[in-house]
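Notes to accompany the following structure.
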Number of protein chains: 2
Amino acid sequence: MSHYTIGIDYGSLSARAVLVDINDGKELASAVYEYPHAVMSEYLPDSKVKLGPDWALQHPEDYLNVLRQTIPSVIEKSNVHSSNIVGIGIDFTSCTIMPVSREGKVLAQYEKYKTEPHAWVKLWKHHAAQPEADLINKIGKKYGFLSRYGGKISSEWMFPKVLQILNEAPHLYHETNSFLEAADWITLQLTGNWIRNNCTLGFKALWDEQHGFPEKAFFKELHPDMENVIEEKFGGEIRKIGESAGPLLQEWSEALGLSPNTKVSVGNVDAHVSASSSKVVDEGKMLMIMGTSTCDITLGSEKKEVEGMCGVVKDGAIPGYYAYESGQNAVGDIFDWFVRTYINQTYEDEANLQGISIHELLEKKASVLKAGESGMVALDWWNGNRSVLVDTNLTGLMLGMTLATKPEEIYRTLIEATAFGKRRIIDSFAKSGIEIKELYACGGLPHKNRLLMQIYADVCQLEIKIASSLQAPALGSAIFAAVAAGYYESLQEASDKMASLKEEVFKPIPENSKIYDQLYAEYIQLHDYFGKGENDVMKRLKKLKLSILDQQTIHA
Amino acid sequence: MSHYTIGIDYGSLSARAVLVDINDGKELASAVYEYPHAVMSEYLPDSKVKLGPDWALQHPEDYLNVLRQTIPSVIEKSNVHSSNIVGIGIDFTSCTIMPVSREGKVLAQYEKYKTEPHAWVKLWKHHAAQPEADLINKIGKKYGFLSRYGGKISSEWMFPKVLQILNEAPHLYHETNSFLEAADWITLQLTGNWIRNNCTLGFKALWDEQHGFPEKAFFKELHPDMENVIEEKFGGEIRKIGESAGPLLQEWSEALGLSPNTKVSVGNVDAHVSASSSKVVDEGKMLMIMGTSTCDITLGSEKKEVEGMCGVVKDGAIPGYYAYESGQNAVGDIFDWFVRTYINQTYEDEANLQGISIHELLEKKASVLKAGESGMVALDWWNGNRSVLVDTNLTGLMLGMTLATKPEEIYRTLIEATAFGKRRIIDSFAKSGIEIKELYACGGLPHKNRLLMQIYADVCQLEIKIASSLQAPALGSAIFAAVAAGYYESLQEASDKMASLKEEVFKPIPENSKIYDQLYAEYIQLHDYFGKGENDVMKRLKKLKLSILDQQTIHA
């Protein structure tokens, strides 16, 4: 008799559930639920409260409706008996946080708070806490923990967001019983247990297995009221991903049509959970989760400092290993920017005639070009640089254009630029003694764009294997659920049985790699010149731009 | 009773004649003739002879048909009595040259030579004599004359083209009685007089009023057969622009319906002749002839060396002054490249809805932006750098792009880049003690694009006046004809009466200029870094590109 788990992947605009056979990882059914409130960046729902620039909120009820809609749906579609469903796993975007009451509700769920912006869920891409992040980075220098994060943290993380609440809505800060990651809030709802997962604590909340949270003096220096923030607002038990958070509450088992014995695994993050479903369960491998941006997960047996990494957390992706996170702020987003905005009717017509998308047409045309043939090179900083330089004020650069430069040349140059960015990250790891011997990829892009994969292989001079599943995070959550439910001894074992790779492996073509060595040398020279202080033109231009936009706002 | 002159402007694809009242410059009639053979870049006419890459030939009969078609046409349209037409003036693209027989015919006009590519007219943009130009620049270093040309000459000029004929078709070189500029060939046809104009000799044929042509030793070093090239192939009298080349031959006066007393002025160049019709007849002014590229004419009372200028010639534009030429290889061409290739259907639809062109729509959208608001800067080297750096191997650069960058921001950044290029040229003149106090503009672009003019004024911090005539070269030729016919004492006097400027003057807006000072400083830092050897990435990429394209040719 087969057993099954359900993995639920909470994304930025929708969530997806898959029901999986734990023997072989076969996906029997899936269901998607789009959040009715999507991302709230201008107004609160049902109110006239306007939000500031760079805000991004979400509605907690949307998250609960995901459970109510998708779980019964996959059970019904798969025709599996609910008693054979042994576990549920959750992964979430991160760092997505909310202020939670003693009753386990988000403050915004109370009538009295619903017109207060700070009572709502702050989505990962809420970028309005930059001043708070700057302060943490400044004060944090004295306290040592920043070395685990490449020297700098992002405004997206837990404490900038918490400090913003305290600064702008102190009464809500004080009303809050607990600031929770959304992943942990879902497991709280399902199990009634206040459990925090070690992955988001480590990567986004400055926590470390060895050192715990930063010391009181640090928090006091941030804000006098925050001295005891850990004791006051960060209670609950810390458990590792892959462990169980407990069985399903009776009320949910009834609502969802599941057995009350169903185990809920500890919450996880969309990127990190994908290592298990991409067979990245030991050293020497880097997993690239490729979409609008790219997040990389690399496993290591030792804790090392890597230049400009996003973070390193013990047991942060696969128990038994340190998980290193790195990434690129814009990958698919850059190609989309170009394709959405800069492709003319002639190309549109050509794509229509061939019955393919513009992306496919450009891929086709760019595939005919040889490496180096366009005479161009670009810096992939359209959305800043996340790893190595860790600088959101850097911007894109392209050079080598002539009057004969064609769209497919720009398209290919943009792809190459992101590949060079990837190689630069791999080089950082190598310098710290962490050698990457193979690349793995999952996400939408690797399945869609063969040229992209070939260029990455040629540039990085590494083979690339691709996860079979198009739902790597949801499948990953289902794998973690199988382990939490006790059906496998280890994540490695579960991954071995439940995950699979596409047969096709992208291998470097030596002739191309040779040319890309030359282009990469050019990339590095530009990368260091514009990124490491020799010419800060990008930052000066951005500052000028912001000062002009500020003036316009004042005059408006 | 009024008198009239006819100015004929020979362009790259067509010629235009205007019939003008010499009292006030009023244009009574105009006519255009498109060359039936246009530019021959792949095959000779009526033959299967294929041309090499970068060739550009023209048909001499097309030039004669211009006279036969346009002159009777403007006489008829204007209803002027032909006895009142006192002069004809000619200007031509340059350096456009042909091998001419003792009888005054282009060799290609003889049956026996017509299948030989080197027997035809080489248009200015024939770029197949680059190896010959390289040799001249190498050997020329020893002989001093290069300092009049910013240190380097172009493959477009007279002697690279002549040497190419000698190298590749020596029998034709030896058959040639005279290598002529096309402008001088037309005056030869019309008057029977072998006269060379000082302007093209000075700017394109290494001649100087003070020093004459380069010495024999130089030519001998170029090629032993060229030792006596000047005596053998460069006969004829040198006359200054503004002088008469003689009266019309009887046969032409009959064919065209003109009086045999009609004076033909010495041939001239399209750019240089426009100084007179744009009221640039004394010092302190720079005229920009703006179209696909920009050519600048500046007058000075002394001969000075200006960094990277194209050339300086005494009496080369307005008698009594040294004429300095400078320019930018691509201006309108860059905007066209962007607009032709990178504008999507949404913008097309918006332009159609408003009943305006895409260029107009972009101008409109870009006009709403503030200087500096886009956070971008570009180097305007899409077709190399003609003045200051004098390097065709430089390529375009743009930086500051984000995922939100819009087409109108790129469009405006490209305009700004060409304006910075212009300011850099003006700075070179200033460094050599030639101060530009006012800008003048003629050509298609200044009439079409107000934003362009305003940005140039803001960036250069100079007022810009625009020639009224849309046919500045043809009107200029008519002005020169009036002087040659003896109706004015000087070009200054003729220009004063016959030329006019648009009422609207573009004045710098101090608020914008202040921001452009900052952006220009960034431009200069990038200009020097990429253009003066600190980082030769553009040249290395171009070399790599050419080596890859070469391999493809070999494999094909």
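The values are calculated or read from the model by the stated rules, or taken from the named source; none is laboratory data. The structure presented is a predicted model; accordingly, all values stated were derived computationally and were not measured. Counting neighbours? That spans all protein chains shown, and the Cβs are built from the backbone with ideal geometry, glycine included.
Tell me, please, whether a residue that is outside any loop (DSSP other than H, G, I, E, B) and more than 30 Å from B:GLU302 (Cα to Cα) can be found in region B:145-161.
Within region B:145-161, one or more residues are outside any loop (DSSP other than H, G, I, E, B) and more than 30 Å from B:GLU302 (Cα to Cα).
With respect to A:SER513, determine if the residue is more than 24 Å from A:VAL377 (Cβ to Cβ), in contact with a helix residue (DSSP H, G or I) (Cβ under 7 Å, 6 or more places away or on another chain), not aliphatic (A, V, I, L, M) and not in a loop (DSSP other than H, G, I, E, B).
no
Residues of region B:275-296 being under 14 Å from B:ILE434 (Cβ atoms) and surrounded by fewer than 21 Cβ atoms within 10 Å (Cβ to Cβ), which ones?
Result: B:ASP282, B:GLU283, B:GLY284, B:LYS285.
Among the residues of region B:250-265, are any touching a strand residue (DSSP E or B) at 6+ places or on another chain (Cβ under 6 Å), closer than 18 Å to B:LEU180 by Cα and not in a helix (DSSP H, G or I)?
yes
For the condition more than 30 Å from B:LEU201 (Cβ to Cβ), buried (at least 18 other Cβ atoms within 10 Å of the Cβ) and modelled with pLDDT of 95 or more, what is the one hit in B:LEU353, B:LEU397?
Every option except B:LEU397 fails the conditions.
From the list B:SER513, B:SER547, B:SER500, pick out the single residue that is more than 29 Å from the chain's Cα centre (by Cα), of a type outside the set (Val, Ile, Thr) and more than 11 Å from every other protein chain (Cβ to nearest Cβ).
When all the criteria are applied, what remains is B:SER513.
Does B:LYS240 qualify as being closer than 23 Å to B:ALA317 by Cβ, basic (Lys, Arg) and in contact (Cβ under 8 Å) with a residue 12 or more places away in the chain?
For B:LYS240, the condition - closer than 23 Å to B:ALA317 by Cβ, basic (Lys, Arg) and in contact (Cβ under 8 Å) with a residue 12 or more places away in the chain - is met.
When both residues are 6+ apart or on different chains and their Cβ atoms are under 7 Å apart, which pairs have a first residue that lies in region B:82-94 and is touching a residue at least 12 places away in the same chain (Cβ under 8 Å), and a second that is basic (Lys, Arg)?
Cβ pairs passing all conditions: B:VAL86/B:LYS263; B:GLY87/B:LYS263; B:SER94/B:LYS204.
One line per residue, one yes/no per condition, for (1) of a type in the set (Gly, Ala, Ser); (2) at positive phi; (3) assigned to a strand (DSSP E or B):
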residue	(1), (2), (3)
A:PHE179	no, no, yes
A:ALA183	yes, no, no
A:LEU190	no, no, no
A:ASN193	no, no, no
A:PHE203	no, no, no
A:GLN210	no, no, no
A:GLU221	no, no, no
A:GLU231	no, no, no
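Part of a helix (DSSP H, G or I) and touching a His at 6+ places or on another chain (Cβ under 8 Å): does that describe A:ALA133?
No.
Among residues belonging to region B:1-40 that are among the hydroxyl-bearing types (Ser, Thr, Tyr) and out of contact with any helix residue (DSSP H, G or I) (no Cβ under 6 Å at 6 or more places or on another chain), point out the one that is surrounded by the most Cβ atoms within 10 Å (Cβ to Cβ).
Here the answer is B:TYR10.
Looking at (1) assigned to a helix (DSSP H, G or I); (2) more than 28 Å from B:GLY11 (Cα to Cα); (3) of a type outside the set (S, T, N, Q), can you tell me which one B:ASP496 breaks?
Among (1) assigned to a helix (DSSP H, G or I); (2) more than 28 Å from B:GLY11 (Cα to Cα); (3) of a type outside the set (S, T, N, Q), B:ASP496 violates only (2).
Within region A:321-344, take every residue that is among the hydroxyl-bearing types (Ser, Thr, Tyr) and not in a helix (DSSP H, G or I) and give me the one that is nearest to the other protein chains (Cβ to nearest Cβ).
A:TYR342
Answer yes or no as to whether B:ALA481 is touching a residue at least 40 places away in the same chain (Cβ under 8 Å), closer than 22 Å to B:ASP9 by Cβ, among the hydrophobic types (A, V, I, L, M, F, W, C) and touching a helix residue (DSSP H, G or I) at 6+ places or on another chain (Cβ under 9 Å).
Considered against the rule, which asks whether it is touching a residue at least 40 places away in the same chain (Cβ under 8 Å), closer than 22 Å to B:ASP9 by Cβ, among the hydrophobic types (A, V, I, L, M, F, W, C) and touching a helix residue (DSSP H, G or I) at 6+ places or on another chain (Cβ under 9 Å), B:ALA481 comes out as no.
Do any helices (runs of 4 or more DSSP H) lying entirely in region B:345-454 carry at least 1 residues that are facing chain A (nearest Cβ under 10 Å) and in contact with an Asp or Glu (Cβ under 7 Å, 6 or more places away or on another chain), and which ones are they?
The qualifying helices (runs of 4 or more DSSP H) are B:345-354, B:358-368.
Could you check region B:57-104 and list, in sequence order, the residues that are assigned to a loop (DSSP other than H, G, I, E, B) and surrounded by fewer than 17 Cβ atoms within 10 Å (Cβ to Cβ)?
B:ASN79, B:HIS81, B:SER101, B:ARG102, B:GLU103, B:GLY104
Mind listing whichever residues of region B:326-347 are under 21 Å from B:PHE429 (Cβ atoms) and either basic (Lys, Arg) or touching a helix residue (DSSP H, G or I) at 6+ places or on another chain (Cβ under 6 Å) (or both)?
B:SER326, B:GLN328, B:VAL331 - these are the residues of region B:326-347 that are under 21 Å from B:PHE429 (Cβ atoms) and either basic (Lys, Arg) or touching a helix residue (DSSP H, G or I) at 6+ places or on another chain (Cβ under 6 Å) (or both).
So which residues in region A:239-265 are among the β-branched types (Val, Ile, Thr) and farther than 12 Å from A:ASN193 by Cβ?
Of everything in region A:239-265, those that are among the β-branched types (Val, Ile, Thr) and farther than 12 Å from A:ASN193 by Cβ turn out to be A:ILE241, A:THR262.
Considering region A:520-543 alone, what residues qualify as being modelled with pLDDT of 95 or more and within 8 Å of chain B (Cβ to nearest Cβ)?
A:GLU522, A:GLN525, A:LEU526, A:TYR529, A:PHE530, A:ASN535, A:VAL537, A:MET538, A:ARG540, A:LEU541
Does any residue of region A:18-36 turn out to be of a type in the set (S, T, N, Q), over 17 Å from A:ILE90 (Cβ atoms) and either modelled with pLDDT under 95 or assigned to a loop (DSSP other than H, G, I, E, B) (or both)?
yes
Could you grab me the full set of residues in region B:266-278 that are outside any helix (DSSP H, G or I) and under 15 Å from the mean Cα position of the chain (by Cα)?
Within region B:266-278, B:GLY267, B:ASN268, B:VAL269 meet the criteria.
Any idea how many residues of region A:206-216 are surrounded by fewer than 23 Cβ atoms within 10 Å (Cβ to Cβ), hydrophobic (A, V, I, L, M, F, W, C) and touching a residue at least 40 places away in the same chain (Cβ under 8 Å)?
Within region A:206-216, residues that are surrounded by fewer than 23 Cβ atoms within 10 Å (Cβ to Cβ), hydrophobic (A, V, I, L, M, F, W, C) and touching a residue at least 40 places away in the same chain (Cβ under 8 Å) number 0.
Go through region B:26-40 and give me each residue that's over 30 Å from B:ALA494 (Cα atoms) and out of contact with any Asp or Glu (no Cβ under 8 Å at 6 or more places or on another chain).
Of everything in region B:26-40, those that are over 30 Å from B:ALA494 (Cα atoms) and out of contact with any Asp or Glu (no Cβ under 8 Å at 6 or more places or on another chain) turn out to be B:ALA38, B:VAL39, B:MET40.
Among (1) within 18 Å of B:SER94 (Cα to Cα); (2) of a type outside the set (Ser, Thr, Tyr); (3) within 14 Å of another protein chain (Cβ to nearest Cβ), which single condition is B:LEU287 missing?
(3)
If a residue has to be surrounded by 13 or more Cβ atoms within 10 Å (Cβ to Cβ) and without any contact (Cβ under 8 Å) to a residue 40 or more places away in the chain to count, how many in region B:503-516 make the cut?
1
If you take the residues in region B:433-488 that are among the polar types (S, T, N, Q) and closer than 27 Å to B:ASN197 by Cβ, which one is surrounded by the most Cβ atoms within 10 Å (Cβ to Cβ)?
Out of the qualifying residues, it is B:SER477.
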